Each structure stands twice: as C-alpha cells, then as structure tokens.
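Asker: Dropping a structure here in structure tokens format, bear with me for questions.
The values are calculated or read from the model by the stated rules, or taken from the named source; none is laboratory data. Note that this is a predicted model, so its numbers are computed, not measured. Glycine gets a Cβ as well: all are built from the backbone with ideal geometry, and neighbour counts include every protein chain shown.
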Amino acid sequence: MTPTDPPAAHRPHATPPRATPLARGRAVLTSEWIKLRSLRSLWTTALTGFTASVGLSLLVCSSYRSRWHHLGAQARAHFHPTDTGLGFLQITALFFGALGALAVTTEYGTGQIHGTLMATPQRPLVLAAKTLLLFVLGSALALATVSAAFLLGQSRLTGTMPHASLTDPGAAHAVLGGALYLTLTGLLGLFLGTLVRSTAIALSTLLGLFTILPVLVDDLPKSPAWRHTVPYLPSNLGLSLWHSHIGFLVRPAPAAGTLALYVLVAAAAALTLLRTRDG
Amino acid sequence: MNPTLPAERRHSMPTRLRATARSEWVKLWSVRSAPTVLAATALVIVAGAFVLCSGYRSGWASMSASEQAAFDPTFTSLRGIELAQMLIGALGVLAVTSEHGTGLIRATLAATPQRAQLLTVKGLVLGAVVWALSTASSFAAFTAGRHLLTGPVPHASLDDPGVLRAVLGGGLYLTLIALFGTALGALTRSTPLGLTTLFGVLLVLPLTAGLLPGDLTDTILPYLPGEAGSQIWHVKPPSPHSLTPWHGLSLLTLYVAASAAAVLTLHRKRDA
C-alpha cells in the first residue's frame, strides 16, 4: 500500500454493502414485531377477545347446566356439547378479524405508514413480514383461546348432562378447525385493512360480512342458487370447520381450502394495491 | 320587540336555531362520506329486496308448509334494512366523532356555546335527512318486492293490515338508529369506540343471546334495542315472545332517549 492511497474508509467501494435479502428480511421482521408489540389497541383487542370467549363459553355452558332440567326432551336430545360449547366462535371471529385489520389500519391512521414505507421501499416485504407475524401469533392465540374456552366451558357441563373432552376425535377436530377459522379470519382482516386503509371501514365490512349477511341469506329456501353461493360465505365455511351439523354446508377439508383461497385472493389484491398506490 | 335593536335580534331563539341548523346542514353534507353512505343505504335496502325476494321465489317449492305459512312478504322486502342500519348507524357516529377527530368541534362550540341546543339541532338535521331517505327507500324496496314475489309466493299490498305501518316503520327504525349512533358518538367521542359500541349493541348482543338455552333467549332477546325496534317493520311477529310493533319501537326510543340524556348531562360538563 502506498502512502498516497486514501484511507480504506474513504474508498468508494468501502461504503456499507447493500443489505442481503436475508438481513433485510430479518430487519423488517424485527421492526414489524416492535410495532406490533407496541400497539396498545392490538393487545386490548386480543385480551378482550380471549376474555370474551372464555366468559361467553362459561356463561353459555353454565346456563345450559342450570336450565337442563327445564329443557324439553327434544331440546335435550338435540343438545350437542361441542357445538354449544364452541358457539362463542361466532363472536371470537369478529375479534380476530379486527385484530388483523388493526395491525395495519392503525399505521395508516397515525401516518406511521409513511415512515415504514420510506424505511422499506420493498412494500411486498412489509406485507409479508406482517402476514408472517400475524399468522404465527394469531394461530397461537387462536389455539389458546379456543382450547381454554372449550375446556372451561365443558367443565361446567356436569351431572347427567352430556359433555365432550379433547380426546373425543370429533371435539379435537372441532377445536383445531375453530382455531384455523380464527387464524384465517385474522389474515383476511389484515388484507382487508390493507385494502381499505381505514379502521372504521374495515371493521364495518367485517361485521357486515360475518354477522349480517349470514342472518339475511342463511334461512332462504335451499334452491340450487343458494347451494352454490351461501355455503361459501366465510362465516359458513367457518361453521363447516367447527360445527358437527353441517347439513347443506361444505365438508371441512374443502371449506378450509376455500377459506384459504379467499385469504390468498385478498392478499393478492392487497399486494397489488399496496405496490401501485401512494402510501 | 323593537326591530332596530341588534342586541335583541342576536339573542332571539329562532334566529339562533336557524343559524345552528344551517351550519349543521352544511357540515353534514361536507363530510365527504355522507352522500356516499346515504346513496349506499338506499342501494342496500332496494338490493336486499331483489336478492331476498328472488331467493324465496326460486326456492318456494322446496319450503315446508309451516315455513310457507310463516313467510312475511313485507318483512322480506324490507330486510335490506338490517344491512343498511350499519351504514346509517355509522353515519350517526361519524357525524359527531369526525368533528372531534379534526378538532372542528372547538370552532363549533365557540360559535354555539349552547351545547344542548347544538346537539339537539344536529340530531334533528341528521334525523330529518335519514328519515326522508330511508322512508323513500322502504317504499321502493316494498314496491320491488311486490313485483318480484309472483306465482305461488304470496305478496302484500299496502291496504293489508299492518303493511303501511311496517313500510313507514322502516324509515322510523333507521332514523332512531341514526340518532342512537349520534348519541353513542357523542358519548365516546372516538370513531372506533363509537362504532364498536353501536355494532356491539345492535349485532353482537343478539348473537350472544342466541347462544343461550332457548327459554333464556326468549326472555332476553325481545328487549334488546335492535330486536325491539325491528318489530315495527314486521307484519307477522317473528316469535311468540316478540314485543308488539309499537311497544318495540317505544322501547328502542327509550334506549335512544336514555343515551341522549347521558350525552346532554356529560356534554355540559366535559371539555371539548
């Protein structure tokens, strides 16, 4: 090395190397994790969802226990401990959808999204990191919520009442199916939130889709048109996954596939819009 | 009164009310989402009649005799209201919370320090707009339903007992929902919180009541705000435990009045 050479740090090629995809991916994942962890509304929603599910399960099972001797013979014969015990899923799904939506809409609400996209112009990477985190955390939370609420609920069904345990194959499938339904609903909420960028619109759409639409169309006469559309509503696909009386609905395996397909389509739409529009 | 005294005029009640009403009117229509939400409401009510009535017409033969006997053509034509109530309720919430969100509320209160009067006028303006639109939409949906329910499917006519009351009731119900949303928005002062409360009461509570054993459901469900109020746009009561149409509507009015009273009490004390 001759004394005229500039010091190594000043040479052009010595500028920090471009981040490798792996390092960038890890950095984005870390920053998304920090954001997720520091979002208070997310924790409140998760905690409220857990408490509401357990509370609802206890309430429903305890009231069946206390009314059992007043129920008619027909109502007793129709009583299915797993279906009744998991009824809370209809409401828990709303919390998971909200959880997914909030993970992204709050960033739009505060304007934080501008900083995020400036730091990581690779927008698909941002969405992928969010999806991965929500999938991992969401499935863990879903499994914990469904099993805890199920077990506590069943523990109230005592005496002569029929009750289910996790060792019954039907019950185990229903609990796993319910957890899958909640996880996929959370992802659907995430992509919906990315599409509409507003907490209010995302929450209203989720409620309309999961609570009002089924009430309106489920009881219509079962014409061919009905059979080709209504069973494929997200809430009815969810029923296929956790309810024992499927009736006209889709079988569990194709139901899981269709629900996953919805998530994929929503993801593709969210990705396209995220890439093409301004922050 | 001496008309040359400007001080007298400034304090005259009708002038102030008119000015407040005009400013609330301007604010309602300049919220960008309001015309869209109102148009969507009309669309949803009429589209609901199309979807549900054609669904019943195409599947009528597959229904059991008891299902056919329980069929309520007026209610079926009007059921788009169940979806529209979310839009209208959200509009009511946003009419207040968007002002708190942007900080416009401080200018509003500086201009009209009479807070009770301000909220009353806001409710009246919103209520009048929603009533006119949703009553017209109810009539449109009923007419659409009457044309779609053909062949063996029974249809209703406005002369039949209870039918005109139900169609007019659709407009009354949605007006009360809009006011309920306004009151909850003013109580919570936050869009997500206001919307969550409104939808929790209107949608999640009935779902929860439905999970309970049958006799408990029958005891609780009829008294929930949405279920009680919706009796006004039923011609056949959906269950033997349902309240009568006017009792149900009065109960919903009572819920709305109670939340409005809470707002007026709090609003006078809270800083904006």
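Asker: I'm told residue A:19 meets every condition in (1) within 29 Å of residue A:97 (Cβ to Cβ); (2) modelled with pLDDT under 90 except one. Can you identify the failing condition by its number?
Answerer: Checking residue A:19 against (1) within 29 Å of residue A:97 (Cβ to Cβ); (2) modelled with pLDDT under 90, the one that fails is (1).
Asker: Sort out which residues of region B:178-214 are among the hydroxyl-bearing types (Ser, Thr, Tyr), touching a residue at least 24 places away in the same chain (Cβ under 8 Å) and assigned to a helix (DSSP H, G or I), and write them in order of number.
Answerer: B:182, B:188, B:191
Asker: When you check residue B:175 against the structure, is it within 26 Å of residue A:95 (Cβ to Cβ), in contact (Cβ under 8 Å) with a residue 24 or more places away in the chain and of a type in the set (Ser, Thr, Tyr), yes or no?
Answerer: In short, no.
Asker: Of all residues in region B:16-35 being more than 15 Å from residue B:129 (Cα to Cα) and among the basic types (Lys, Arg), which is modelled with the highest pLDDT?
Answerer: B:18
Asker: Would a scan of region B:215-236 turn up a residue that is part of a helix (DSSP H, G or I), free of Cβ contacts under 8 Å to residues at least 12 places away in the same chain, surrounded by fewer than 20 Cβ atoms within 10 Å (Cβ to Cβ) and out of contact with any helix residue (DSSP H, G or I) (no Cβ under 6 Å at 6 or more places or on another chain)?
Answerer: Yes; the residues of region B:215-236 include at least one that is part of a helix (DSSP H, G or I), free of Cβ contacts under 8 Å to residues at least 12 places away in the same chain, surrounded by fewer than 20 Cβ atoms within 10 Å (Cβ to Cβ) and out of contact with any helix residue (DSSP H, G or I) (no Cβ under 6 Å at 6 or more places or on another chain).
Asker: A further question on this structure: Restricting attention to helices (runs of 4 or more DSSP H) lying wholly within region A:186-250, give those where 3 or more residues are more than 9 Å from chain B (Cβ to nearest Cβ), closer than 26 Å to residue B:75 by Cα and out of contact with any His (no Cβ under 8 Å at 6 or more places or on another chain).
Answerer: The helices (runs of 4 or more DSSP H) meeting that bar are A:224-229, A:234-242.
Asker: Would you point out the residue of region A:24-50, among those that are in a helix (DSSP H, G or I) and within 14 Å of chain B (Cβ to nearest Cβ), that is nearest to residue A:134 (Cα to Cα)?
Answerer: Result: A:42.
Asker: Okay, moving on. Scanning region A:189-237 for residues that are closer than 25 Å to residue A:254 by Cα and of a type in the set (Lys, Arg), which turns out surrounded by the most Cβ atoms within 10 Å (Cβ to Cβ)?
Answerer: A:222
Asker: If residue A:156 passes every condition in (1) surrounded by 21 or more Cβ atoms within 10 Å (Cβ to Cβ); (2) within 14 Å of chain B (Cβ to nearest Cβ); (3) in contact with a Leu (Cβ under 7 Å, 6 or more places away or on another chain) but one, which one does it miss?
Answerer: It fails just one condition, (1).
Asker: A follow-up question, please. Just to be sure I understand, how many residues within region B:25-40 are touching a residue at least 40 places away in the same chain (Cβ under 8 Å) and either within 12 Å of another protein chain (Cβ to nearest Cβ) or in contact with a Gly (Cβ under 9 Å, 6 or more places away or on another chain) (or both)?
Answerer: Counting residues in region B:25-40 that are touching a residue at least 40 places away in the same chain (Cβ under 8 Å) and either within 12 Å of another protein chain (Cβ to nearest Cβ) or in contact with a Gly (Cβ under 9 Å, 6 or more places away or on another chain) (or both) gives 3.
Asker: Another one. If you check A:274, A:241, which single one turns out to be surrounded by 21 or more Cβ atoms within 10 Å (Cβ to Cβ) and more than 21 Å from residue B:82 (Cα to Cα)?
Answerer: Among A:274, A:241, only A:241 is surrounded by 21 or more Cβ atoms within 10 Å (Cβ to Cβ) and more than 21 Å from residue B:82 (Cα to Cα).
Asker: Can you confirm whether residue A:176 is out of contact with any strand residue (DSSP E or B) (no Cβ under 9 Å at 6 or more places or on another chain), in a helix (DSSP H, G or I), free of Cβ contacts under 8 Å to residues at least 40 places away in the same chain and within 14 Å of chain B (Cβ to nearest Cβ)?
Answerer: no
Asker: So which residues in region B:56-67 are outside any helix (DSSP H, G or I) and either more than 9 Å from chain A (Cβ to nearest Cβ) or closer than 14 Å to residue A:224 by Cβ (or both), if there are any at all?
Answerer: B:64
Asker: Something else about it: Test of understanding: among A:113, A:91, which residue is within 12 Å of chain B (Cβ to nearest Cβ), surrounded by fewer than 22 Cβ atoms within 10 Å (Cβ to Cβ) and closer than 27 Å to residue A:265 by Cα?
Answerer: Answer to the check: A:91.
Asker: Going by the structure shown, is residue B:114 surrounded by fewer than 18 Cβ atoms within 10 Å (Cβ to Cβ) and in contact (Cβ under 8 Å) with a residue 12 or more places away in the chain?
Answerer: yes
Asker: With the structure loaded, tell me whether residue B:158 is surrounded by fewer than 21 Cβ atoms within 10 Å (Cβ to Cβ), farther than 28 Å from residue B:35 by Cβ and at pLDDT 95 or above or whether it fails that test.
Answerer: No: the conditions fail for residue B:158.
Asker: Can you name the helices (runs of 4 or more DSSP H) wholly within region B:68-119 that have at least 1 residues being of a type in the set (Lys, Arg) and away from chain A (no Cβ under 14 Å)?
Answerer: Here the list reads B:104-111.
Asker: Could you check, for region B:165-177, whether at least one of its residues is in contact with a Cys (Cβ under 8 Å, 6 or more places away or on another chain), farther than 30 Å from residue B:17 by Cβ, among the small types (Gly, Ala, Ser) and at pLDDT 90 or above?
Answerer: no
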